[in-house]
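Below is one structure, written out as C-alpha cells; comments come after it.
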Amino acid sequence: MQKKPRIAVIGAGLGGAAAAALLHQAGFNVHLYERAPAFSRLGAGIHVGPNVMKVMRAIGIEDELNLNGSHPDFWYSRDWKTGEIIAQIPLGDYALSHYGSSYLTVHRGDFHALMMKAIPDDIISFGKSLDTIEDKGDVVHLYFTDGSTAQADIVIGADGVNSKVRDYLLGPELPKFSGYVGHRAVFPIADVKGFTHDLCTKWWSDDRHMIVYFVTSKKDEIYYVTGVPEESWDLSKSFLPSSRDEMLAAFDGWHTGVQSLINASTEVTKWPLLERDPLPLWSRGRLVLLGDACHPMKPHMAQGAAMAIEDAAMLTRCFKEVGPTDFATTFALYEANRTERAGKVQLVSHNNTWLRTNENPDWCFGYDVFNEPLVDPLVKSGAKVA
C-alpha cells in the first residue's frame, strides 16, 4: 500500500493552523511546524466574519467560538470630530439569517487557542524556526535553526509576511512599508470613562482612523487598532512600544469617544502596516504559499486572517478534489480559485474605503469557500466547473 504523501505546514498562525486542522480532518498526512516555543494570549483583537465562521464550522469550533466572542449588531462608521454616524452596516441577527453564520469580534489569542485545540498534539512541532529549504524534485528538505531537519513531499508556506518559503520561491525581498502604522491596545472596559462605546465602530478622518470593538462575550475587554501615517519604519523591527502621549498627539482634536480610549490605555504597541505587490506565482514544484506569505495586506477590511483561512480551506478542497500526488494540478486549481478574491480584498484594504459608506458587503461576507463553483485553471474564459 502506497504511503500517503507527507504535507508540511510551515507556520502555525491562523492560516497554518486552519490548513493543518482541515487537512488532518480530511485524512491527509500533515505535520505543522511553528517557530515559537509556545503561544500566549497576545494583546490583539480580530473580526471573524460569516465567510470565516463557515470554515470554523467545518473545523468543529464554531459553537465554542460563538461563546467566546462579542456579536455586534452593527458596524458603525463615525466622523472623527462630531461622532456622527456616517454608515451603519447590519450584523448580529441579520448576518446569521442572511449569510447563514454569525459575525463576531474576539481576542485573537482566544480564537487561536481554539484553532490549536482542534489539531492533535502529535502533528505539531514547536520551536522549529525554518532556516533553509530545498526542493529536490522528489522530496523537500527542511532545515531548522536548532540544527534539526525534516523531509516532506509537499510544503505549505504559511509563515507570514517574511516567509522563508516565499524567499526560496522568489528570492529574498523585504515587504513594502505602506507609510502607515497601527497602534494596538486592549484593556478592561471598566477603565474607560465618559463615553459609552458601540460594540464595533470605525472612527474616520481623511488621513487616519481608529477601529474599536469588544473582544469577549462578557464585553469586559475593549480593543482598538489604528491606521496613522508615519514616514518610515525600520523593517528589522516587527513592532515598537508606543505611548498614551503619542496617541494623544496622533488623535489631537478627535471626539470624546476616541479620547476616552486613549486615556484608558496603559500599554500601547505600534506595528508597521506592510504590503507586497501581487506575486507572479503562488507555487512551484512541491511548494505552495497561503495567507500573508503570498498576499499580505493592510488590515483595513479586517480580512487579512480571513483570506489566509479561506486559502487553507480552498487548498484543502483542491487536495480533496485532485489528490496530493498530482500536486501541480492541485496548486493550479488552488491559485485559479484564490487570486482574484485575495487580490480584490488586498486592493480594497489598501484603499481603506471598506464600509465607510452604507455599501453592500455581500461579496465579502457571503462567500462560501466550500460551495463556490470552482474555476478551471485551463479555461481562460473563466468558465466554472463543479
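The values are calculated or read from the model by the stated rules, or taken from the named source; none is laboratory data. Quick caveat: nothing in here was measured; it's all calculated off a predicted structure. Counting neighbours? That spans all protein chains shown, and the Cβs are built from the backbone with ideal geometry, glycine included. Accessible surface is based on the protein model in full, side chains and every heavy atom, while ligands, DNA and RNA are left aside. Shrake-Rupley method; radii C 1.70, N 1.55, O 1.52, S 1.80 Å.
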√(5λ) per eigenvalue of the Cα gyration tensor, the stretch 7-78, largest first, Å | 26, 17, 10
For D191, what accessible area in Å² do you get when you roll a 1.4 Å probe over the heavy atoms of the protein chains, rounding to the nearest 10?
-> 70 Å²
Chymotrypsin sites (Phe, Trp or Tyr not before Pro) within the stretch 180-222: DSSP coil, no more than 15 neighbouring Cβ in 10 Å | F195
What is the mean projected area of the alpha carbon convex hull for the chain, to one decimal in square nanometres?
-> 19.1 nm²
The FRET efficiency for S205 and L279, from their Cβ-Cβ distance with R0 = 51 Å and rounded to 0.05, is 0.95
Estimated [θ] at 222 nm from DSSP helical runs (n ≥ 4, -39500 (n - 2.57)) normalised by residues in the chain, nearest 500 = -8500 deg cm²/dmol
Determine which lysines satisfy two conditions relative to K4: a Cα distance under 17 Å, and not lying fewer than 8 residues away in the same chain.
-> K320
Calculate, in nm to one decimal, what L240 and A113 gain on full extension: separation in residues at 0.36 nm each, minus their alpha carbon distance.
-> 43.3 nm
Amide H to amide H, which residues 5 or more places from L91 or on other chains are under 5 Å from it, using H placed in the peptide plane?
-> F74, W75
How big is the charge dipole of the stretch 259-313 about its Cα centre, in debye rounded to the nearest 20, if each Lys and Arg gets +1 on its Cβ and each Asp and Glu gets -1 on its Cβ?
-> 160 debye
For the stretch 232-274 the chymotrypsin sites (Phe, Trp or Tyr not before Pro) that pass both the DSSP coil test and the at-most-10 other-Cβ-within-10 Å test are none
How big is the charge dipole of the chain about its Cα centre, in debye rounded to the nearest 20, if each Lys and Arg gets +1 on its Cβ and each Asp and Glu gets -1 on its Cβ?
-> 400 debye
Positive-end residue, the chain charge dipole about Cα centroid, Cβ charges, pick of V30, N352, V48 | V30
Do you know the relative contact order of the chain, to the nearest whole percent, from alpha carbon pairs under 8 angstrom that are 6+ apart?
-> 20 percent
Å² of accessible area per residue within the stretch 242-351, as computed with a 1.4 Å probe and no ligands counted = 35 Å²
Roughly how many percent of the accessible protein surface of the chain is carbon and sulfur, given a 1.4 Å probe and a whole-percent answer?
-> 51 percent
Lysines whose Cα lies under 28 Å from that of K193, excluding same-chain neighbours fewer than 8 positions away | K81, K202, K218, K219, K270
State, in angstrom, two size descriptors of the stretch 258-309 derived from its alpha carbons: Rg to one decimal place and Dmax to the nearest whole number.
-> 16.3, 53
Taking trypsin sites (Lys or Arg not before Pro) as exposed when DSSP calls them loop (any state but H, G, I, E, B) and at most 15 other Cβ atoms lie within 10 Å, what is the longest stretch of the chain free of them, the sites themselves excluded?
-> 238-355
Please work out how much accessible surface V228 shows to a 1.4 Å probe, ignoring ligands, DNA and RNA, in Å² rounded to 10.
-> 10 Å²
To the nearest Å², the heavy-atom accessible area per residue of the stretch 110-227 with 1.4 Å probe amounts to 42 Å²
